[in-house]
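Quick notes on the structure that follows.
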Amino acid sequence: MDADERDIVTYLKAWPGLFVSGREIARRAVSRKRFDKEPHWAVPVLARLVDTGVLESDSTAHFRLVPEGKHRKTEKWVSPEIKKMLEAAGKEFSEGAEIDPPDEKGEG
């Protein structure tokens with residue numbers, strides 16, 4: 001994480017859970033001189049932070065830190081024994097598999 005990214009994350013930590021406009025972030029995350037010289041400095045940095053999953057954006061181009069419970073999910077095997085059996089059978093699931101959520105009636 002570079003200095004600009006750290007400045008933005010530090011600023012947004014003061015507003016947990018709230019969406020803040022990109023212009024407001026650009027104005028207040030760094031010095032006034034930087035904003036006066038480059039008013040759009042934050043645009044590529046915000047896009048990069050959204051791509052990496054540190055920030056999320058709403059439809060009006062406002063940004064916030066990703067809430068703690070929504071951080072990147074880690075992939076886990078259901079059981080180490082199942083993993084061993086599949087590897088022994090020559091199956092490979094390096095990309096993972098997606099499972100559909102059950103419908104509202106509780107049926108798979």
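The values are calculated or read from the model by the stated rules, or taken from the named source; none is laboratory data. Fair warning: this is a prediction, and the values are worked out from it, not measured in the lab. Positions of Cβ are backbone-derived with ideal geometry, glycine not excepted, and every protein chain shown enters the neighbour counts.
Miscellaneous remarks
- Scanning segment 44-66 for residues that are farther than 14 Å from Asp7 by Cβ and either assigned to a loop (DSSP other than H, G, I, E, B) or of a type in the set (A, V, I, L, M) (or both) yields a total of 8.
- Selection of segment 57-108 for residues being at pLDDT 65 or above and hydrophobic (A, V, I, L, M, F, W, C) yields Ala61, Phe63, Leu65, Val66, Val78, Ile82, Met85, Leu86, Ala88, Ala89.
- Single unsatisfied condition, Thr10 versus (1) more than 23 Å from Glu68 (Cβ to Cβ); (2) surrounded by fewer than 11 Cβ atoms within 10 Å (Cβ to Cβ): (1)
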